[in-house]
Structure formats: structure tokens, C-alpha cells
1. If we scan the range 29-42, do we find a residue that is farther than 16 Å from His8 by Cα and not charged (D, E, K, R)?
2. Taking the range 12-31, which residues are in a loop (DSSP other than H, G, I, E, B) and under 15 Å from Lys46 (Cα atoms)?
3. Got a number for residues in the range 44-100 being under 16 Å from Pro9 (Cβ atoms), of a type in the set (Val, Ile, Thr), surrounded by 15 or more Cβ atoms within 10 Å (Cβ to Cβ) and more than 10 Å from the chain's Cα centre (by Cα)?
4. In the range 27-43, which residues are among the hydrophobic types (A, V, I, L, M, F, W, C) and open to solvent by less than 50 Å² (accessible area, probe 1.4 Å)?
5. Please tell me if Ser12 is touching a Leu at 6+ places or on another chain (Cβ under 9 Å), open to solvent by less than 90 Å² (accessible area, probe 1.4 Å) and touching a residue at least 40 places away in the same chain (Cβ under 8 Å).
Amino acid sequence: MLSQTIAHPADSIQIDFDSTYNLKVKIHHPVKKFPSDHYINQVTVKLNDKEIIKQVFKTQTDKEWQNVNYLVIDAKPGDKISVTAVCSIFGKLTKTENGK
């Protein structure tokens, strides 16, 4: 089992929300060995502080990134979108942006 000394939260979260309601999220979480052993295991999306999406994973997209896409049809210009990424071992990171 991995210790907390080598486990870590995501380094960064990139949020791209376009006019077609497509929310693209890129979570940078580099891992040394297998993205099925140490990975981003949960992504939560909030719209104006209300949880609208919670997805659980068993692996990461690759050794560097966890990438997800969602259709958020309830968002309007100026709404606040928050994304939280949780590491399978230790730590989490949240990023918040206002919609366009």
C-alpha cells in the first residue's frame, strides 16, 4: 500500500465551459507507476454551490491526467462552477470559475 508521503492531491484543474453547455475538465495528477493503483477516484461538480454531478473512478485516464466531459444544461452565464478532484489515497483539490 502507498503511504501518504508519496500520495498527493491533484496539481491543477483546468475547466472549460463552452456555449454548448459542454464542461471539459482536465485534472493534472501525475503518478509514477500505475494509474489503477494511485489515481483521481472521484470528481464532483457543483453549480452555484449545489452538487449536480458526482462520478467515481477505478483508474485514471493516464499517468498524468484524469479527463472528464459533462453536459451541464442548467448553467447560465455568470453561474459559478466548482470542480473537486479527490485522490484515491490522499488529498483533494477544488477549482471554481464563473461561467461566461
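The values are calculated or read from the model by the stated rules, or taken from the named source; none is laboratory data. Every value quoted in this text rests on a predicted model; they were computed, and no experiment measured them. No Cβ is skipped: glycine too gets one built from the backbone with ideal geometry, and neighbour counts run over all protein chains shown. Note: accessible area is taken over every heavy atom of the protein model, side chains too, but ligands, DNA and RNA are not part of it. Shrake-Rupley method; radii C 1.70, N 1.55, O 1.52, S 1.80 Å.
1. No, the range 29-42 contains no residue that is farther than 16 Å from His8 by Cα and not charged (D, E, K, R).
2. The answer is Tyr21, and nothing else.
3. Going through the range 44-100 one residue at a time, the tally reaches 1.
4. Ile27, Val31, Ile40, Val43
5. Taking the combined requirement at face value, the residue satisfies it.
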